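Notes to accompany the following structure.
The values are calculated or read from the model by the stated rules, or taken from the named source; none is laboratory data. Bear in mind the structure is a predicted one, so any value in this text is a computation, not a measurement. Don't worry about glycine lacking a Cβ; one is built from the backbone with ideal geometry, like all the others, and counts go over all protein chains shown. Note: accessible area is taken over every heavy atom of the protein model, side chains too, but ligands, DNA and RNA are not part of it. Shrake-Rupley method; radii C 1.70, N 1.55, O 1.52, S 1.80 Å.
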Amino acid sequence: MTASRIDEAAMTQTLPAGLSVTARVPASSANLGPGFDTLGMALGLYDEISVTTTESGLSVRVEGEGADDVPWGPSHLVVRAIERGLEAAGVWAGGLDVVCRNVIPHSRGLGSSASAAVGGLAAANGLIALLDPALALDDAQMVQLSSEFEGHPDNAAASVLGGAVVSWSEDLVDEDRPRRFGAVRLEVHPSIRVIALVPEDRSSTSHTRGLLPESVPHGDAAFNASRAALAVVALTTRPDLLLVATEDRLHQQQRASALPVTTRWVAALRERGIAAVVSGAGPTVLALTTAPLPDDLRSAAESDGLRVLDLEIADGVRTH
């Protein structure tokens with residue numbers, strides 16, 4: 001295991017070889033329409049990360065989604081997150097064997113990178129708890145550390161806490177200290193179901209973010225503030241308000257040129273009264289509804305090359 005980011009002299013305890021833990025971490029969707037970089041939801045697609053401590057060295061294996069695209073070494077996001085979690089608790093491991101079993105599609109707006117960061121931190125936390133439960137990280141620390149990897153907390157907080165989340169970040173006042181992040185969980189109304197339409201094509205978050213303007217009209221900001229507040233009500237107690245509560249003027253139309261299929265399907269679903277939004281930076285379409293997806297829409301989406309996934313609203317990351 002690389003120690004490039006770890007000050008070994010500051011470590012107080014070393015994990016013995018032979019400890020093993022598995023983290024099961026959900027996918028997530030961010031924004032949910034109006035809640036740009038604020039609202040998120042945990043979804044029932046799960047990556048599993050198994051970590052075993054060894055005497056020395058680093059072994060990384062990746063199975064499933066992204067196996068051919070991600071580095072199998074110390075630069076892997078999961079490995080960096082494991083290191084960061086151990087560092088935060090003042091713990092060190094001589095070596096690690098890491099196995100990532102990935103199900104969450106990459107670059108589809110389903111929070112795969114946030115899940116990797118949360119899963120790595122959770123695996124580290126599981127090892128820490130085996131050594132000394134008093135050293136384990138709490139949920140607030142997990143949200144903070146995982147959000148530092150992402151730069152914003154909506155996806156990461158959802159994967160940590162589960163359910164739907166309202167998240168925030170504080171202004172950066174000291175460049176020598178990380179920005180502070182926080183989140184609270186919302187208990188989603190039991191009648192709400194989630195349907196994801198997942199294209200084969202991928203999307204670059206950096207590219208779609210680059211399409212957003214530096215400033216927005218006051219009227220559009222007020223519009224989204226009202227819809228984001230209403231979304232909290234719709235998600236928790238008034239699902240009949242989901243359609244209006246998921247309206248957006250800040251980011252979805254601005255990204256439309258890069259997401260033609262996504263944009264077309266968001267419009268088609270909303271025309272049928274289904275609260276559909278772009279999931280994160282896309283290209284996945286997320287539908288929040290209290291009824292099954294009509295058969296004709298399901299068939300049309302599948303004929304258009306979209307995977308239609310009926311997903312549970314998930315709890316947060318778990319370890320065993």
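Apply the a/c threshold of 1.5 to the C-alpha gyration tensor of the stretch 160-296 and tell me whether it is rounded, prolate or oblate. Since a/c reaches 1.5 but b/c is at least a/b, the shape of the stretch 160-296 is classed as oblate. In terms of the mean number of neighbouring beta-carbon atoms within 10 Å, the peptides 111-124, 186-199, 281-294, 216-229 order highest first as 111-124, 281-294, 186-199, 216-229. Accessible surface area normalised per residue over the stretch 129-206 is 51 Å², counting heavy atoms of protein chains with a 1.4 Å rolling probe. When all protein chains stay in place and ligands, DNA and RNA are ignored, the 1.4 Å accessible-area order of 200, 214, 65, largest first, is 214, 200, 65.
Can you send over the carbon and sulfur percentage of the accessible area for the chain, probe radius 1.4 Å, protein chains only?
49
Between the Cα long axis of helix 112-131 and the first principal axis of the chain there is an angle of about 40°, rounded to the nearest 10.
Remark: the stretch 303-308, residue by residue, has Karplus-estimated 3J(HN,Hα) of 5, 8, x, 9, 7, 9 Hz, where x stands for each Gly or Pro and the curve is 6.51 cos²θ - 1.76 cosθ + 1.60 at θ = phi - 60°. Taking every C-alpha pair closer than 8 Å and separated by at least 6 residues, the mean separation divided by the residue count of the chain gives a relative contact order of 23 percent. Taking Cβ atoms as reference points and 13 Å as the exclusive limit, the residues near residue 228 contribute a net charge of -3, counting Lys and Arg as +1 and Asp and Glu as -1. Probing with 1.4 Å while keeping every protein chain in the model, the per residue accessible area of the stretch 1-122 equals 33 Å². Set against the labelled values [x] 19.9, 63; [y] 23.0, 93; [z] 26.4, 88, Rg and Dmax of the Cα atoms in Å computed from this structure falls on [x]. Per-residue extension of 0.36 nm, minus the Cα-Cα distance of residue 290 and residue 168, leaves a gain of 41.1 nm for this segment. Estimated purely from DSSP H runs of n ≥ 4, each contributing -39500 (n - 2.57), the mean residue ellipticity at 222 nm for the chain is -10000 deg cm²/dmol once divided by its residues.
GNM on the chain, alpha-carbon springs under 10 angstrom: the most fluctuating residue among 25, 143, 244 is 244. Loop-located GluC sites (Glu not before Pro) in the stretch 259-320 (DSSP state other than H, G, I, E, B) with a sparse environment of at most 11 neighbouring Cβ atoms within 10 Å are absent.
Over the chain, what is the percentage of antiparallel beta bridges among all DSSP beta bridges, to the nearest 5?
Percent antiparallel among DSSP bridges in the chain is about 80.
Of 80, 249, the order by accessible heavy-atom surface (1.4 Å probe, DNA, RNA and ligands excluded), from most exposed downward, is 249, 80. Shown in residue order for the stretch 258-267 are the 3J(HN,Hα) couplings computed by the Karplus curve 6.51 cos²θ - 1.76 cosθ + 1.60 at θ = phi - 60°: 8, 10, x, 5, 4, 4, 5, 6, 4, 5 Hz (x for Gly and Pro).
With springs only between Cα atoms under 10 Å apart, run a GNM on the chain and tell me which of 299, 146, 59 wobbles the most. Its mean-square fluctuation being the largest, the pick is 299.
Would the stretch 87-155 count as rounded, prolate or oblate if I go by the C-alpha gyration tensor, calling it rounded below 1.5 in a/c and otherwise prolate when a/b exceeds b/c, oblate otherwise? Because a/c hits 1.5 or more and a/b fails to exceed b/c, the stretch 87-155 counts as oblate. Remark on residue 103: its backbone amide H falls under 5 Å from those of 47, 48, 65, a criterion applied only to residues 5 or more positions apart or on other chains, H modelled at 1.01 Å from N.
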